[in-house]
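In what follows, a structure is listed as structure tokens, so that the remarks can point back to it.
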Amino acid sequence: MLVSLPKEWIDANKLDKSAQVEIETTQNNLSIRIQQSKRPSKEIEISYPLPKGESIVPNITGAYLLGYDIIKIIGKSPISVTDRENVRGSMRRLVGMEIVDEDATNISVQFLLDETSVNPQKILKRMSSIALGMFSDVVLSLESGDKTNLETIANRDAEINRQYFLLVRLIRSTIMDTRLAGIFNLENIDILDYRIAANTLEIAGDTVVELSQLLMKSNLTKSEQKKIHNFAKDIEEIQIKSIDSFISNDRALAINAIALQRSNAKMISKIRSSLESKKQFPLAFFDLVYMFEKILQSWSDITDLVKPSYQ
């Protein structure tokens with residue numbers, strides 16, 4: 001096959017007769033690009049002080065999520081102590097980012113991870129594992145009546161948020177760099193689905209935190225705790241099967257998870273109906289049931305992303 005390339009493009013990329021290019025084909029497209037072992041670093045400058053109403057943390061976070069590797073804060077005046085501490089706090093929330101240079105008026109931070117060494121599947125699995133541990137402590141509290149472990153759940157959710165930001169950054173980089181998509185073996189629809197799944201998992205983590213806080217404040221009877229525990233304990237298995245089916249694109253496992261979700265939803269509905277028929281019922285109990293339903297819906301939303309197999 002012979003392909004003629006535009007002279008302007010060859011000159012702009014400084015190619016000669018011995019230069020190699022990469023060719024990628026899809027069903028309806030063919031793309032040619034210069035061969036690169038690694039994409040060039042993306043750099044952005046943030047002028048300091050920022051305009052009124054702006055703050056340093058959202059600017060750094062936004063640049064991180066857009067895939068910038070080097071973020072430079074360039075000051076016309078000394079950077080305040082408060083803003084310096086805010087920058088350091090951002091580094092703790094953004095995986096892979098480190099301060100590499102700093103003086104009175106400037107701060108440079110850099111993304112030091114090799115994006116090809118991580119992948120969306122592992123990050124999503126990590127997020128799910130943390131959320132599962134948090135939820136397991138909620139179920140254990142219902143079983144034992146001991147609320148001690150519930151106090152640590154909010155702190156663990158911070159790690160889910162860190163992994164979520166990393167995954168969003170990686171997904172956006174993959175959209176811009178087809179080389180990464182090839183490394184991760186992801187098509188465009190897969191990239192979109194991972195973005196949705198990551199957001200769903202992040203919301204589920206927040207819901208577990210809210211659930212744990214409600215449970216700490218509640219004064220449920222042992223009978224009420226047992227009723228909730230009877231359906232809550234099965235949600236752990238549903239989560240595992242939902243996430244695994246999505247990552248492996250296993251439709252049979254997804255169907256199994258959906259069946260468990262429906263069975264669990266019926267159990268919750270039956271409990272709700274039995275209490276609503278009474279003249280007086282505990283509102284705190286219904287609030288907790290609602291939170292469990294929200295979590296269950298999260299896993300249902302993720303299994304919905306698993307593609308059917310068509311003959």
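Of note:
- For the stretch 184-195, a residue qualifies if it is in a helix (DSSP H, G or I) and out of contact with any Asp or Glu (no Cβ under 9 Å at 6 or more places or on another chain), and the qualifying residues are ASN188, ILE189, ASP190, ILE191, LEU192, ASP193, TYR194, ARG195.
- For the stretch 92-128, taking the residues that are of a type in the set (Gly, Ala, Ser) and surrounded by fewer than 15 Cβ atoms within 10 Å (Cβ to Cβ), the one that is modelled with the lowest pLDDT is identified as SER117.
- Some residue of the stretch 196-215 being surrounded by fewer than 18 Cβ atoms within 10 Å (Cβ to Cβ) and part of a loop (DSSP other than H, G, I, E, B): no
- A single member of ILE79, ILE74, ILE56, ILE107 is under 26 Å from the mean Cα position of the chain (by Cα) and aliphatic (A, V, I, L, M), and it is ILE56.
- Within the stretch 223-232, the set of residues being surrounded by fewer than 16 Cβ atoms within 10 Å (Cβ to Cβ) and over 13 Å from PRO282 (Cβ atoms) comprises LYS226, ASN230.
- Helices (runs of 4 or more DSSP H) wholly inside the stretch 225-307 that include at least 3 residues being more than 25 Å from the chain's Cα centre (by Cα) and over 30 Å from ILE189 (Cα atoms): 251-276, 283-303
The values are calculated or read from the model by the stated rules, or taken from the named source; none is laboratory data. All values derive from a computational prediction rather than experimental measurement. Quick reminder, even Gly has a Cβ in these numbers, built from the backbone with ideal geometry, and neighbours come from all protein chains shown.
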